[in-house]
1. Do we find a residue being at pLDDT below 90 and closer than 15 Å to residue 147 by Cβ anywhere in the stretch 66-89?
2. Hey, any hits in the stretch 166-177 for a residue that's without any contact (Cβ under 8 Å) to a residue 60 or more places away in the chain and assigned to a helix (DSSP H, G or I)?
3. Tell me, which residue of the stretch 59-99 that is hydroxyl-bearing (Ser, Thr, Tyr) and in contact (Cβ under 8 Å) with a residue 40 or more places away in the chain is surrounded by the most Cβ atoms within 10 Å (Cβ to Cβ)?
4. If the Cβ limit is 8 Å and pairs must be 6+ apart or interchain, which residue in the stretch 34-56 that is over 13 Å from residue 66 (Cβ atoms) pairs with which residue that is of a type in the set (Val, Ile, Thr) and loosely packed, with under 14 Cβ neighbours inside 10 Å?
5. Name, by its number, the condition in (1) among the charged types (D, E, K, R); (2) at pLDDT 90 or above; (3) farther than 20 Å from residue 149 by Cα that does not hold for residue 43.
6. If I ask for residues that are in a loop (DSSP other than H, G, I, E, B) and more than 21 Å from residue 70 (Cα to Cα), which ones from the stretch 101-113 would you list?
7. Would you say residue 108 is exposed (fewer than 15 other Cβ atoms within 10 Å of the Cβ) and at pLDDT below 90?
8. If I filter the stretch 118-162 down to residues being part of a loop (DSSP other than H, G, I, E, B) and among the β-branched types (Val, Ile, Thr), which single residue comes out as farthest from residue 55 (Cα to Cα)?
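The values are calculated or read from the model by the stated rules, or taken from the named source; none is laboratory data. What you see is a predicted model; the values in this text were computed from it and never measured. Methodologically, a virtual Cβ is constructed for each residue, glycine included, from the backbone with ideal geometry; neighbour enumeration extends over all protein chains shown.
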Amino acid sequence: MNNDLMFKQFLSGVISLEHLSLRYGAIGNLYQKVFYHKMINKEIGLAGIKLGNKIAHIGSGPYPMTAIQLAHKGFTVDCYDINPDAVSKSLDCIKKYQLDHLVSVFDSSKRDYFFHQYDVIIVSLHIINKNEMLNEVIKTLRHNKTIVYRNPRGILRHFYLKYYPSVTSIDTYKVIKQPFFKESVAYTKI
């Protein structure tokens, strides 16, 4: 089976799990706690995210757990996804959690790369054309701005592409291992 097909099948499974999480609150809360709570806390420290930072989350999906976790800590987040169905469900989810005063959701298929306005950009593991998008964001990243993105480790390397900072113009970056076969990479342009 080729990597592209495996990626699409794995992504479909993740989306199905997120749809279940939307439908059944207990599953959603467990999903957040198990997969995202520790990861987001580590990323806040890794990137030095502070209250008042303008944050974008790319690839937020139908159940924007990264944004929810950040909003629960008082951060304001703009979510972007290329899938209109994911955007619609994400908007419903944010309203359900009563976080619409902290989280906004946008359809990124209708926009060019516009991420230069953010202090911190977080990029999910589960996005299509991730390497192309990361190259573009890093190229346009302004000084003292940070990008955090998630790479696969272990078995997830069979389903997702890993973005290698050493083949870009990035000189320095930090990497931390995350639970469930992920790692987070942070780069701040100096």
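1. No, every residue in the stretch 66-89 fails to be at pLDDT below 90 and closer than 15 Å to residue 147 by Cβ.
2. In the first step, residues of the stretch 166-177 are kept if they are without any contact (Cβ under 8 Å) to a residue 60 or more places away in the chain; the result is 166-173, 175, 177.
When the remaining residues are screened for being assigned to a helix (DSSP H, G or I), the result is 166-167.
For the stretch 166-177, residues without any contact (Cβ under 8 Å) to a residue 60 or more places away in the chain and assigned to a helix (DSSP H, G or I): present.
3. Narrowing the stretch 59-99 to residues hydroxyl-bearing (Ser, Thr, Tyr): 60, 63, 66, 76, 80, 88, 90, 97.
Okay, now just the ones that are also in contact (Cβ under 8 Å) with a residue 40 or more places away in the chain, so 60, 63, 66.
Numbers: 60: 31, 63: 27, 66: 27.
Checking each candidate, the answer is 60.
4. Once the first residue is over 13 Å from residue 66 (Cβ atoms) and sits in the stretch 34-56, no partner that is of a type in the set (Val, Ile, Thr) and loosely packed, with under 14 Cβ neighbours inside 10 Å comes close enough.
5. Condition not satisfied by residue 43: (3).
6. As a first pass, look at the stretch 101-113 and keep what is in a loop (DSSP other than H, G, I, E, B): 101-102, 111-113.
Those that are in a loop (DSSP other than H, G, I, E, B) and more than 21 Å from residue 70 (Cα to Cα): 111, 112, 113.
7. Numbers: exposed (fewer than 15 other Cβ atoms within 10 Å of the Cβ): no; at pLDDT below 90: yes.
So residue 108 does not fit the description; no.
8. The initial filter retains those residues of the stretch 118-162 that are part of a loop (DSSP other than H, G, I, E, B), namely 118-119, 124-129, 141-145, 153, 159-162.
With among the β-branched types (Val, Ile, Thr) added as a condition, the list becomes 127-128.
Numbers: 127: 18, 128: 21 Å.
Among residues in the stretch 118-162 that are part of a loop (DSSP other than H, G, I, E, B) and among the β-branched types (Val, Ile, Thr), the one farthest from residue 55 (Cα to Cα) is 128.
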